[in-house]
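Presented below is the structure to which this report refers.
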Amino acid sequence: MTSDLKGQTGPALQGRVIAVTGASKGIGLSIAQLLTAHGAQVIGGARDVGGGKVPGAEFCSLDVTDEASVDAFAARCRAAGADALVNNAGVGTFRPVEEITPEDYRRVMDTNVLGTLLTTRALIGHFRNRGGGQVVNVTSDVSARTFATGALYTASKYAQRAVTQALAHEGHAYGLRVTEVRPGMVDTFFGDTRQGEDYKAAWLRPGDVAGAVLYALSAPAHVRIDEILLHPVVQDVAY
Ligand SMILES: NC(=O)c1ccc[n+]([C@@H]2O[C@H](COP(=O)([O-])OP(=O)(O)OC[C@H]3O[C@@H](n4cnc5c(N)ncnc54)[C@H](OP(=O)(O)O)[C@@H]3O)[C@@H](O)[C@H]2O)c1
């Protein structure tokens, strides 16, 4: 009997070069750590890369809302032979509709939506020339449902989901594999909070989300993981 586990043993990401945005803390830092531990060459980006130290990974200054900054980051990724991009950088502001300011709007939409468009735009031509590539977008469980005070954040995540799905359609012809990873509540610094606070004790850990990203990136070449939705068990079931 032959085994169909070929390519699924050993360091899952050996020889892969993977760009990760928002890699300085929270989920992105954990993604950088886990992918590196599985043999990938990781190029991580964030505005403040001072805190993000992962042995074996390279960190570059990156503001996903700034075209010149994205282009410099993408040039480094192309030179290194990147074959995957993880769009993880993101911010959130939670206010009722009547309190949302244009500044809130620009900060959240520019980071979560424009940022995803700019980084992806800067790298997919390179992926196409290589005959494939992978894009993993860390959106949210609220990329398809909303709640009070969630108007702006969920609008940005619905939009990021739309960008993800349109990209999957566009890239299908040349073998681009696109995945949306949709976590529920995760214990990070998100929304200007602190990591490790008591009220987050039962939430997902950043490593749980990193595991989902690893799963998508280490799928055999003939498998495309379209979407992963994961929650801590304390969170309500909500489709
Ligand atoms: N925590 C949750 O409960 C949760 C749930 C579902 C989805 N998510 C999503 O998961 C992603 C990561 O969030 P997190 O929870 O890990 O938050 P976090 O701990 O606040 O980390 C956010 C990361 O994004 C980076 N970032 C923010 N603005 C950026 C910009 N303009 N350019 C480049 N990098 C930028 C930050 O670094 P700098 O500030 O140094 O740039 C940091 O590395 C986000 O897309 C978020 O929407 C989070």
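Numerical summary
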{"item": "Solvent-accessible area, 1.4 Å probe, carbon plus sulfur percent, for the chain", "result": "53 percent"}
{"item": "Within region 186-239, trypsin sites (Lys or Arg not before Pro) in DSSP loop having at most 10 other beta-carbon neighbours inside 10 Å", "result": "Arg194"}
{"item": "Most mobile listed residue (Thr149, Thr116, Thr65) in the chain, GNM with C-alpha springs under 10 Å", "result": "Thr149"}
{"item": "Accessible area per residue, Å², region 154-209 with all protein chains present, probe 1.4 Å", "result": "49 Å²"}
{"item": "Derived scalar couplings ³J(HN,Hα) [region 129-143; Karplus, 6.51 cos²θ - 1.76 cosθ + 1.60; whole Hz; x for Gly, Pro]", "result": "5, 7, x, x, x, 9, 10, 10, 9, 7, 9, 4, 4, 8, 7"}
{"item": "Within region 115-239: Cβ-based charge dipole about Cα centre, in debye rounded to nearest 20 (Lys, Arg +1; Asp, Glu -1)", "result": "480 debye"}
{"item": "Theoretical gain in end-to-end length, Val97 to Val233 [0.36 nm per residue, Cα-Cα removed]", "result": "46.0 nm"}
{"item": "Electrostatic dipole magnitude of the chain [Cβ: Lys, Arg +1; Asp, Glu -1; Cα centre; debye, to 20]", "result": "680 debye"}
{"item": "Inter-part distance where region 193-239 and region 116-186 are each reduced to a Cα centre, Å", "result": "16 Å"}
{"item": "For Cys60, distant residues with modelled amide H under 5 Å away", "result": "Gly44, Gly45, Ala46"}
{"item": "Phi to ³J(HN,Hα) by Karplus 6.51 cos²θ - 1.76 cosθ + 1.60 over region 160-167, Hz, x for Gly, Pro", "result": "5, 5, 5, 4, 4, 6, 5, 4"}
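The values are calculated or read from the model by the stated rules, or taken from the named source; none is laboratory data. What you are looking at is a predicted structure, and each value in this text was computed from that prediction instead of being measured. Quick reminder, even Gly has a Cβ in these numbers, built from the backbone with ideal geometry, and neighbours come from all protein chains shown. Only protein heavy atoms, including side chains, enter the accessible area calculation; ligands, DNA and RNA are left aside. Shrake-Rupley method; radii C 1.70, N 1.55, O 1.52, S 1.80 Å.
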